[in-house]
Each structure stands twice: as C-alpha cells, then as structure tokens.
Amino acid sequence: MARIRVGVIGLGIGRHHIAGYQSHPDAEVVAIADLDEARLKEIGDQYAVANRYTSVEEMLAEEPLDVVSVATPNKFHMPLTVAALEAGCHVLCEKPMALSAAEARQMLAAAERADRRLMINFSYRFNEQSQALKERVDAGELGEIYFGRTVWHRRRGLPRFGGWFGQKAMSGGGPLIDLGVHRLDLALWLMGYPKPVWVMGGAYNPIASALASAQGVEYDVEDLAVAMIRFENGAMLEVEASWAANVQERELMETRLLGTKGGLVQRNLNEGYDFEAELYLERAGAHYDMKLHAPPRSRTNAMQHFVDSIVKDVPHTATGEEGLLVMEILDAIYESAGTGEPVYIE
Ligand SMILES: NC(=O)c1ccc[n+]([C@@H]2O[C@H](COP(=O)([O-])OP(=O)(O)OC[C@H]3O[C@@H](n4cnc5c(N)ncnc54)[C@H](O)[C@@H]3O)[C@@H](O)[C@H]2O)c1
C-alpha cells in the first residue's frame, strides 16, 4: 500500500507533528511549510524533509498530499485548513480549532464539501491517564456524571510575552482559548460531550496588563478566565484557566468529575507534564480508591491515530464537530465575560 503523504504547516509545535507522523510506518512527511526561512531550514534538516515551502498555496499546488497538519498561530487555522481541504487533503488542525465558532463552521462545511476528514489536536486525550480514565468512564464506573471542575492555572506563564499569543486578533483570546481549551475538551470528552445550554463566564487581566504597560508590549486578552457551563442533561462544569494568577503552583492542571457511582481526577504531577489518574468508587459499602500506577508506555499520539483511522477507514476521535462545540462554549464565555450576563447557546 502507498504510504500516506503528509505536509506540515507551521514549525513551532508543528515539529512534534512531523515526529508523530514519522513514528507511523504508513506515513511519510514529504513537505513542510513555514514563513520563517531559518526555521524551515533548521526543522527540514533536523527531520530530513526535502520539500520546503514558504508559501502554503505553492505547497498545496505542487505536492500531491493526503494529510496536512495546520500548526500556525490561531488566526490562520481557518483559512489554511479550508485551503488544504479544498486541495483534497485530510486535515489535523491544532487547537483551538479557530478564532470563533463562525470560523469553525466554515471549516466543517469545507470538510463536508470536500468529503475529507477534519481532526482537532486535543492532544491531552492521548496520554495514558486520560485513555485509562476514558475506559473506566465508558464502562459505567462513574454512573451519571453531574458535576465537574477542570482547570489549568499558571502562576506566571505568559507564552512569549509581547508576541501573537497576547493579541486577540491573532489568538482569539488568552489562556482560556489556549490552555482552557485542552481541559475543557478533556472534561467534555470524559462526560460524553453533553450539549451545553448556557454559560456564565468572567475574564480578567490585571497582572498581564500591568506587565504589558510596564514593558510597552501589546496585550489585549485575559490572563485569567472562569466559567460555569450548564448542560442539557442537567450536569454542570466549571472551567478555570490562567497564564498569570496568584496561586501556589507554577503549573496546575486538574480535571475532576463527580458521578452518581464514582468520581475521578486527572492531574499533573510536580507542576510538570506527567499526570496521575485516580477513581473514587464505592464497593460493598466501602469507599474504594483506584490509582493508575506507571501505565504502559504504549501511547498513540494524535498523528498516529489520525493516520491509523485513515488507513483502516474507521472514525477518528477529536472531530471537527467536537471542536465546533468547544468554540461555541468559548465564544459564549467571552461574550458572558463582556456583558456580565449568562449566555444561552443555540
Ligand atoms: N496541542 C498542544 O498541546 C499545543 C502546544 C503548543 C501550541 N499549540 C498550538 O499550535 C499552534 C502554533 O503554536 P506555536 O507555539 O507552535 O507557535 P509558533 O509561533 O512558535 O509557531 C508558529 C509557526 O507558524 C509559522 N506561520 C505563521 N503563519 C504562517 C503561514 N501563513 N504559513 C506558514 N507558516 C506560518 C510561523 O512562522 C511559526 O514558525 C497554535 O495554534 C497553538 O495553540 C498546541
């Protein structure tokens, strides 16, 4: 069988996409694109990718690609994803899906028109702890999940301060759309993606805006956002995300879900990027905790999963539809933060 021909656009985190595809025997990264020529050369040399483009349009016109990864700043997710779909490629787009739900809808429509796949890189679904928890939840161990709290806080962790992450026109928002999007997806995925009815949100930027004026850099997004989401099934989920907050931890990620039969937590260890997962259950009238220890390192990354799904012709996870639902919630949180009123989601 011919190997899946992949192109990767944007070579910051995009370099991990290259590595992810290169770890799949049925995929081959044949082309990369980035506006930054130095980066293009450095990453092209490092991963031995011969065909390099500073123009995505040129890459799509010249390379017969099957799959394209879009890993540029958020503003370009929609136009580049649509261009790649129209060129006949399946697309794995970085999170957040787009700047807004309206853009996300355009991407889904393009995927439908082209009859191609669209996956969003909700990468935290792919760690072992998340996968193990999903299995237990799907086996019914939690019963009905009716409350959750999902957070990602940083004491001071403003990504490349003064750059595109802090500019709303480029990023669509601050830590909520950047970090909160991962924790929100993780909670929703474990909860079975219930349909949201309304949200009540707040967004603040006292710490970052003071830093920005002291340093004379552009910054017009929140540094902390919080929200409560109500779902059609009656469940509620609280979301919190910050790049700068007066908390103890340098980096704190935690998702808790409470169900009628059990509860769970997935959180990071030692303020880093390793995780632990626990279940809190009742068995034979006793409280019973289950902890996932040293899970096997058999994990599939998002790139391997996407290629596998295409090769085996089976559905992939982290769909464009789920990405759209997340964008609808994010739009509503930002709107609610602006008006101070709850926002209903159609
Ligand atoms: N899944 C994750 O955990 C994760 C982690 C980090 C970043 N991300 C996401 O990945 C995306 C990129 O983030 P980053 O940290 O790599 O940013 P970055 O600024 O380091 O890299 C983006 C790259 O895209 C290139 N680029 C910009 N516009 C382009 C265009 N029109 N055509 C071709 N190349 C273009 C830039 O030159 C740059 O090299 C963002 O959407 C971010 O949210 C996801």
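Scan segment 218-246 residue by residue and report those that are open to solvent by less than 30 Å² (accessible area, probe 1.4 Å), closer than 17 Å to Glu328 by Cα and charged (D, E, K, R).
Selection gives Glu240 alone.
In segment 4-20, which residues are more than 9 Å from the ligand (Cβ to nearest atom), more than 17 Å from Val56 (Cα to Cα) and open to solvent by 10 Å² or more (accessible area, probe 1.4 Å)?
Ile4, Ala19
Residues in segment 14-28: is at least one part of a strand (DSSP E or B) and of a type in the set (A, V, I, L, M)?
Initially, segment 14-28 is screened for residues part of a strand (DSSP E or B), giving 27-28.
From what is left, the residues that are of a type in the set (A, V, I, L, M) are 27.
Yes, segment 14-28 contains a residue that is part of a strand (DSSP E or B) and of a type in the set (A, V, I, L, M).
Is it the case that some residue within segment 325-333 is surrounded by fewer than 16 Cβ atoms within 10 Å (Cβ to Cβ) and in contact (Cβ under 8 Å) with a residue 40 or more places away in the chain?
Within segment 325-333, not a single residue is surrounded by fewer than 16 Cβ atoms within 10 Å (Cβ to Cβ) and in contact (Cβ under 8 Å) with a residue 40 or more places away in the chain.
Just checking, which of Pro64, Pro96 is assigned to a loop (DSSP other than H, G, I, E, B) and closer than 29 Å to Gly163 by Cα?
Checking each option against the conditions leaves just Pro96.
Looking at Met107, Met59, can you tell me which residue is more than 17 Å from Asn301 (Cα to Cα), open to solvent by less than 30 Å² (accessible area, probe 1.4 Å), assigned to a helix (DSSP H, G or I) and away from the ligand (no atom under 13 Å from the Cβ)?
One residue alone meets the criteria, Met107.
So for segment 74-90 (the condition being more than 13 Å from Gly7 (Cα to Cα) and touching a strand residue (DSSP E or B) at 6+ places or on another chain (Cβ under 7 Å)), does at least one residue qualify?
Scanning segment 74-90, I find at least one residue that is more than 13 Å from Gly7 (Cα to Cα) and touching a strand residue (DSSP E or B) at 6+ places or on another chain (Cβ under 7 Å), so the answer is yes.
Give the residue that is nearest to Ala241 (Cα to Cα), with candidates limited to residues of segment 115-126 that are away from the ligand (no atom under 16 Å from the Cβ) and either touching a residue at least 12 places away in the same chain (Cβ under 8 Å) or touching a His at 6+ places or on another chain (Cβ under 8 Å) (or both).
Step one: list which residues in segment 115-126 are away from the ligand (no atom under 16 Å from the Cβ), which gives 115-117.
Pick out the ones that are also either touching a residue at least 12 places away in the same chain (Cβ under 8 Å) or touching a His at 6+ places or on another chain (Cβ under 8 Å) (or both) and you get 116-117.
Values: Arg116: 33, Arg117: 30 Å.
That would be Arg117.
Would you confirm, using the coordinates I've provided, whether Arg267 is within 29 Å of Gly157 (Cα to Cα), surrounded by fewer than 16 Cβ atoms within 10 Å (Cβ to Cβ) and touching a Phe, Trp or Tyr at 6+ places or on another chain (Cβ under 9 Å)?
So Arg267 fits the description; yes.
Look at segment 127-165 and say how many of its residues are within 18 Å of the chain's Cα centre (by Cα) and either charged (D, E, K, R) or within 12 Å of the ligand (Cβ to nearest atom) (or both).
Counting residues in segment 127-165 that are within 18 Å of the chain's Cα centre (by Cα) and either charged (D, E, K, R) or within 12 Å of the ligand (Cβ to nearest atom) (or both) gives 9.
Among (1) in contact (Cβ under 8 Å) with a residue 60 or more places away in the chain; (2) within 30 Å of Gly143 (Cβ to Cβ); (3) among the aromatic types (Phe, Trp, Tyr), where does Phe231 come up short?
(1)
From the list Leu65, Leu80, Leu35, exactly one residue is within 12 Å of the ligand (Cβ to nearest atom), in contact (Cβ under 8 Å) with a residue 12 or more places away in the chain and over 22 Å from the mean Cα position of the chain (by Cα). Which is it? Quick ask: steps written out before the conclusion?
Values: Leu65 fails: within 12 Å of the ligand (Cβ to nearest atom); Leu80 fails: over 22 Å from the mean Cα position of the chain (by Cα).
Just one listed residue meets the conditions, Leu35.
The values are calculated or read from the model by the stated rules, or taken from the named source; none is laboratory data. Computed from a predicted structure; not experimentally measured. Note: ideal-geometry Cβ built from the backbone for every residue, glycine included; neighbour counts use all protein chains shown. Note: accessible area is taken over every heavy atom of the protein model, side chains too, but ligands, DNA and RNA are not part of it. Shrake-Rupley method; radii C 1.70, N 1.55, O 1.52, S 1.80 Å.
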